[in-house]
Amino acid sequence: MRRSARSVPLDGERGVLRPARGVRLAGAVLGILAASCARSDEEWVRELKVYDPFERGLAAIALSEQAPSWASGAVPVLLSILDGPAGTLPPHVRGALVKIAPWAADEMVHWLVEESSVSDDCSAALIDALTAAGPSAVPAIAKRMSSPGDPKTRRLETIVFRMGSAVIDPLVVVLRRDPELPTRIGAAWILGDLRPPALRALPALADALEKGEPALACAAAESMQRIDPSGARSLPQLRAALAHPDPTVRAAAATAVTRALLVRGAVARGQERSAALQEIARIGAPAFPMLIEGMANRPRVRALFARECVLAWLARLPGLR
């Protein structure tokens, strides 16, 4: 049978005729479901390690259809296809990543955070897959977000914000029950990043502040104030933590209380404003960095109140009375 020249490109290195790669890929993808019925899960897993990258790609996609819970090892194979030449497989690869994400979230988060060589296309596909995984991806994301401000975790923050309020309850479960301390700390920080929409997480954060390890308690204190800026619901628990036996927790509580009082006092009048000012002055030196920060930031009413608090604090110093 004669083949058209268009579908039979010449191999430049070997000078032999081969079927066009697009035709080969299309036929392979169409046959993948039928083929998956004829192979066991174990056989497809073994195919992930064969020499031929094309066969590895087919195995990865087949596993995503037949046994997604077995396919965590398929992540690097699927990503290599996305970084390869344009063809028929990439759209199927993105779908495969979505299907295996609930079982491969740890591996996907690792590639997003730790592998600097990941391309923009791969990053976008991983972010889409983890977002689609929803609550099942939350523990893996929280584990990697135990250090706030790390540039490596910005992609994970994108996933969290895409999930929105749907992620709050799973994060609370992680915060209360996960056996790994870094994962619980990450859950606390993420809840703080969600700000007021995460108000229903305050009781769990208050428990972490009172009963958790010092690192977790510090994260809980800061997140409580970020969720509840004026301390309308959280100030009593934050004030109680000022007497915590651990000095790092006391310092974190002082920071959170000071920030809450600055928000509250800046818009208050009369006795309420005076009470906030005096309480900040009583906190003393631990409050001072937050007052300097408040003086430098907007809104202006908060900056003016912070300045007023600094003057009240200075007036309490023995040498200045």
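The values are calculated or read from the model by the stated rules, or taken from the named source; none is laboratory data. Since this is a predicted model, take the numbers as computed values, not measurements. Here the Cβ positions follow ideal geometry from the backbone for every residue, glycine too, while neighbour counts run over all protein chains shown. What goes into the accessible areas is simple: the full protein's heavy atoms, side chains included, and nothing from ligands, DNA or RNA. Shrake-Rupley method; radii C 1.70, N 1.55, O 1.52, S 1.80 Å.
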Subset of segment 122-151 that is touching a Phe, Trp or Tyr at 6+ places or on another chain (Cβ under 9 Å) and not small (Gly, Ala, Ser) - its residue that is surrounded by the most Cβ atoms within 10 Å (Cβ to Cβ): Leu126
Residue pairs meeting the criteria (Cβ under 7 Å; at least 6 apart or on separate chains; first under 13 Å from Glu222 (Cβ atoms) and in contact (Cβ under 8 Å) with a residue 24 or more places away in the chain, in segment 177-202; second open to solvent by 50 Å² or more (accessible area, probe 1.4 Å) and acidic (Asp, Glu)): Gly192/Glu222; Asp193/Glu157
Ala268, sole failed condition from (1) without any contact (Cβ under 8 Å) to a residue 24 or more places away in the chain; (2) open to solvent by 30 Å² or more (accessible area, probe 1.4 Å); (3) of a type in the set (A, V, I, L, M, F, W, C): (2)
Residue within segment 158-166 that is crowded, with 20+ Cβ neighbours inside 10 Å and within 20 Å of Ala252 (Cα to Cα) present: no
Residues of segment 79-118 satisfying the condition of being over 15 Å from the mean Cα position of the chain (by Cα), open to solvent by less than 60 Å² (accessible area, probe 1.4 Å) and in contact (Cβ under 8 Å) with a residue 40 or more places away in the chain: Leu79, Leu82, Gly87, Thr88, Leu89
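Yes/no per residue for (1) open to solvent by 40 Å² or more (accessible area, probe 1.4 Å); (2) touching a Lys or Arg at 6+ places or on another chain (Cβ under 8 Å); (3) modelled with pLDDT of 90 or more:
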residue: Arg39; (1), (2), (3): yes, no, no
residue: Arg46; (1), (2), (3): yes, no, yes
residue: Asp52; (1), (2), (3): yes, no, no
residue: Glu55; (1), (2), (3): yes, no, no
residue: Ala60; (1), (2), (3): no, no, yes
residue: Ser64; (1), (2), (3): no, yes, yes
residue: Pro68; (1), (2), (3): no, yes, yes
Filtered residues of segment 167-192 (kept if of a type outside the set (A, V, I, L, M, F, W, C) and open to solvent by less than 40 Å² (accessible area, probe 1.4 Å)): Pro170, Asp178, Thr183, Arg184, Gly186, Gly192
Test: residue in segment 216-239 that is within 30 Å of Val173 (Cβ to Cβ), more than 28 Å from the chain's Cα centre (by Cα), open to solvent by 40 Å² or more (accessible area, probe 1.4 Å) and of a type in the set (D, E, K, R): yes
Odd one out for Gly284, checked against (1) of a type in the set (Gly, Ala, Ser); (2) under 37 Å from the mean Cα position of the chain (by Cα); (3) under 24 Å from Ile227 (Cα atoms): (3)
Lone unmet requirement of (1) within 14 Å of Ala254 (Cα to Cα); (2) of a type outside the set (Asp, Glu); (3) open to solvent by 60 Å² or more (accessible area, probe 1.4 Å) for Leu311: (1)
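For (1) over 12 Å from Ala252 (Cβ atoms); (2) hydrophobic (A, V, I, L, M, F, W, C); (3) out of contact with any strand residue (DSSP E or B) (no Cβ under 9 Å at 6 or more places or on another chain), each residue gets a yes or a no:
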| residue | (1), (2), (3) |
| --- | --- |
| Val172 | yes, yes, yes |
| Asp178 | yes, no, yes |
| Ile190 | yes, yes, yes |
| Ala201 | yes, yes, yes |
| Asp207 | yes, no, yes |
| Gly212 | no, no, yes |
| Leu216 | no, yes, yes |
| Gln225 | no, no, yes |
Segment 283-304, residues that are open to solvent by less than 70 Å² (accessible area, probe 1.4 Å), assigned to a loop (DSSP other than H, G, I, E, B) and farther than 19 Å from Ala243 by Cα: Pro299
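For every residue, the table says whether it meets (1) among the basic types (Lys, Arg); (2) modelled with pLDDT under 95.
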| site | (1), (2) |
| --- | --- |
| Leu199 | no, no |
| Ala204 | no, no |
| Lys211 | yes, no |
| Ala220 | no, no |
| Gln237 | no, no |
| Ala240 | no, no |
| Ala251 | no, no |
| Ala268 | no, yes |
| Ile280 | no, yes |
